[in-house]
1. Condition first: within 16 Å of the ligand (Cβ to nearest atom), under 30 Å from residue 249 (Cα atoms) and surrounded by fewer than 24 Cβ atoms within 10 Å (Cβ to Cβ). Can you find one or more residues in region 378-392 that meet it?
2. Exactly one of these conditions fails for residue 296: (1) more than 18 Å from residue 127 (Cα to Cα); (2) within 16 Å of the ligand (Cβ to nearest atom). Give me its number.
3. Take residues that are buried (at least 21 other Cβ atoms within 10 Å of the Cβ) and within 12 Å of the ligand (Cβ to nearest atom) and tell me which of the strands (runs of 3 or more DSSP E) falling wholly in region 440-552 contain 2 or more.
4. Count, please, the residues in region 1-21 that happen to be touching a helix residue (DSSP H, G or I) at 6+ places or on another chain (Cβ under 8 Å) and part of a helix (DSSP H, G or I).
5. Which of the numbered conditions does residue 357 fail, given that it passes all the others? Conditions: (1) over 20 Å from the mean Cα position of the chain (by Cα); (2) part of a loop (DSSP other than H, G, I, E, B); (3) surrounded by 19 or more Cβ atoms within 10 Å (Cβ to Cβ).
6. Condition check: over 30 Å from residue 582 (Cβ atoms) and in contact with a helix residue (DSSP H, G or I) (Cβ under 6 Å, 6 or more places away or on another chain). Does residue 272 satisfy that?
Ligand code: WTA
């Protein structure tokens, strides 16, 4: 069976693509017909990229959970919606059918209502990868609360920043989370974050690791107790809140080149349709298949391709609590065999790290259930692509290389599995509705094939971000000011002779470390918090496994007698301010940084030094003190 809007041949792709660009309104109205609306839209699209303003399906009323749950409850109640594999392979997995998931979302929707949550309230979710995370997210959407999921690896300070920015009234968390052989104390981190968060009135805590936690009267509640209360009242049905198409669905914070992370806002109808349409088309999902996206729901990939895309398509979505290398580097392959996974979607960094373990972890694994493979989050190098193809896909599974961003909410450029051509390390062709272009430094469009430039998008697609929370001007400046009338992605891009796109990496000050987005300015701010730091500059460098590593140049005063101890202190400071994911791989102490006469740090030079390109530093004559460069070169780590 196919979805009515599923593209099944290359010819059809070309025709659909052409139509989507010539007549976007008609095209997306046709797709939107296949969703459950409480009231149909009045206008398909209104937009301009100056303000910027984008509105899809204006005047329509729709609830995402009705599309993810209720409509499947009617037709396929016993199909597994979520399969959950725990961190510990000795423990039992869980399966939630659409009926069960619906029931649990009703329960927790009642809990939210009992605790005074209203439509439009913001709720921070800080949890490990357990089914209650999906239930919490969907319950918010059910009653029209706006979720802001924060990745479980972020520090108390980062959580507090996000809670304050969103003005969240509630936090949903766990006592702790398991990751490999570690237990992460989530509630404790939330307690630390609470010191600066007066807007939070309630914290709901799921029991998972049985880590002892403090529970404050009047503020902290156990998830299980709240569910019991609901059950004693018969768990009444909660009607899907009628949401305007453009009402907020969620906020997700992400890093940019300047300042604090910004709250990317996605709204209801456009996001739902984009998540569903790209899921069904990119992976060529067929009902009955098991889809395994290895991302964390704390990132956009998990939002769109574990939760909303698959569930709105009535798919079976596998979520995994643990890490790929525990108890050993065969864990993904065990999971694939155990649940007969058909679609595996992971990050190049995971592929490279598993590749490094050689063939042993693959011994005895059949992997014959696999039909489609995917990658996301960073450029995939050819070597990793071929390893994935040969050793995992056994050269019979198409690989989709999906390029997209938190801001785009779903895939913008990718081949469609087995339907359109693939090319190693190329994302290839745009999705219907997506009109990419390359521009040069001056914003001039670069036409023709066999060329490179900065990647921009010329028209809105249903899933484009609508604003940055609480600061619309920031959205305009970040994405729509570099090139007037164009959405600027921040990525560099090559277009080959056939018009296939290859994303080459960020051209702004955003790093991509193991597929995680980190702003260099954010890391610098964290390092500069250390009392002995005078100044610092952070750049990326190529890293075999992580894709990019973090290299920090630091001017420091007041050493311990031990440089490594100071390094340790700086790492602890970064962990405390942002989280362990932002810890620099290398810290070089320097006496000065290369600056122009106007005081600007010349990052280009530092980047080259970090990359080990010591002979081609370019023109250094405009530097205030060219000698610092020699010193930095000599001290390179
Ligand atoms: C990078 C993750 C090359 C890119 C979904 C983008 C990619 C940033 C690819 C967004 C890909 C994502 N090939 N690069 N297939 N996918 N990127 O917001 O630099 O966490 O701008 O969203 O990841 O990261 P984000």
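1. Looking through region 378-392, at least one residue is within 16 Å of the ligand (Cβ to nearest atom), under 30 Å from residue 249 (Cα atoms) and surrounded by fewer than 24 Cβ atoms within 10 Å (Cβ to Cβ).
2. Against the list (1) more than 18 Å from residue 127 (Cα to Cα); (2) within 16 Å of the ligand (Cβ to nearest atom), residue 296 comes up short only on (1).
3. 451-457, 487-495, 501-506, 510-513, 516-519
4. Looking only at that region, the number is 3.
5. Going through the list (1) over 20 Å from the mean Cα position of the chain (by Cα); (2) part of a loop (DSSP other than H, G, I, E, B); (3) surrounded by 19 or more Cβ atoms within 10 Å (Cβ to Cβ), residue 357 breaks only (3).
6. yes
Matching residues to (1) surrounded by 16 or more Cβ atoms within 10 Å (Cβ to Cβ); (2) farther than 30 Å from residue 471 by Cβ; (3) in contact with a strand residue (DSSP E or B) (Cβ under 9 Å, 6 or more places away or on another chain):
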| position | (1), (2), (3) |
| --- | --- |
| 14 | no, yes, no |
| 42 | no, no, yes |
| 66 | yes, yes, no |
| 88 | no, yes, yes |
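Matching residues to (1) closer than 19 Å to residue 611 by Cβ; (2) over 22 Å from the mean Cα position of the chain (by Cα):
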{"residue": "512", "(1), (2)": "yes, no"}
{"residue": "515", "(1), (2)": "no, no"}
{"residue": "530", "(1), (2)": "no, yes"}
{"residue": "533", "(1), (2)": "no, yes"}
{"residue": "546", "(1), (2)": "yes, no"}
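The values are calculated or read from the model by the stated rules, or taken from the named source; none is laboratory data. For clarity, every value in this text was computed on a predicted model and none was experimentally measured. As a convention, Cβ positions derive from the backbone with ideal geometry for all residues, glycine included, and neighbour counts pool all protein chains shown.
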